[in-house]
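The values are calculated or read from the model by the stated rules, or taken from the named source; none is laboratory data. Only a predicted model underlies this, so the values are computations on that prediction, with no experimental measurement involved. Note that we place each Cβ from the backbone using ideal geometry, even for glycine, and neighbour counts take in every protein chain shown. Ligands, DNA and RNA are stripped out before the accessible areas are found, and what is left, the full protein with its side chains, is counted by its heavy atoms. Shrake-Rupley method; radii C 1.70, N 1.55, O 1.52, S 1.80 Å.
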Amino acid sequence: GDTTDVNRLVMAAIYHRAALSRTQKNDAGAAAGFADLAARFPEDQTAQIMGAESLIIDKKDFTGALAALTKIPMPADTARTYNRYQLARVDAYLGAGKKDSARMILEPLAAKFPTQKRITDRMEKAK
């Protein structure tokens, strides 16, 4: 049928395969899957963020993740992907040992979402 529907099915299949690889502790498989997802869907902001997150989680390539995130237009503050994008940046900075840079991102997020555990946990790591 419709190419949009087919592309969504392809995206879902690649995502689930990569997520399964991660669940099975197959870091290389997860990294390859999320890299494929990002490469096949360059216009999809979420796919690009997942590709960068995989660099952090699966490859521990924090510098590469920061470079990838720099290429993604920052989502609007109201977008659902905004926090995910910002927390990926925080994780990359923390992984690279740049706690000051992580705090610069976290402080406004913590002010806006003071009870969000994902943010408070990262604030602790950035101290």
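Key figures
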{"item": "Principal-axis tilt of helix 99-112 within the chain, Cα atoms, nearest 10 degrees", "result": "90 degrees"}
{"item": "Cross-link partners of K71 among aspartates and glutamates (Cα-Cα below 19 Å; sequence separation of 8 or more within a chain)", "result": "D36, E43, D44, E53, D61, D91"}
{"item": "Average accessible area per residue (Å²) across the chain - probe 1.4 Å, nucleic acids and ligands excluded", "result": "60 Å²"}
{"item": "Shape of the range 1-51, Cα gyration tensor, a/c cut at 1.5", "result": "oblate"}
{"item": "Cα-based helix-to-principal-axis angle, 45-57 vs the chain, degrees rounded to 10", "result": "70 degrees"}
{"item": "Square roots of 5 times each gyration tensor eigenvalue, C-alpha, the range 39-102, largest first, Å", "result": "18, 14, 8"}
{"item": "Reported label for calculated mean projected area of the Cα convex hull in nm² given [x] 8.2; [y] 9.2; [z] 10.1", "result": "[x]"}
{"item": "Sum of side-chain charges, T4 neighbourhood, beta-carbon under 13 Å (Lys, Arg +1; Asp, Glu -1)", "result": "-3"}
{"item": "Under 21 Å from K25, Cα to Cα: lysines that are on another chain or at least 8 residues apart", "result": "K59, K60"}
{"item": "Portion, in percent, of the accessible area of the chain that falls on carbon or sulfur, probe 1.4 Å", "result": "55 percent"}
{"item": "Cα-based helix-to-principal-axis angle, 3-23 vs the chain, degrees rounded to 10", "result": "60 degrees"}
{"item": "Where trypsin sites (Lys or Arg not before Pro) fall in DSSP loop in the range 1-82, at most 14 other Cβ within 10 Å", "result": "K25, K60, K71, R80"}
{"item": "Value of relative contact order over the range 48-127, rounded to a whole percent, pairs C-alpha under 8 Å and six or more apart", "result": "25 percent"}
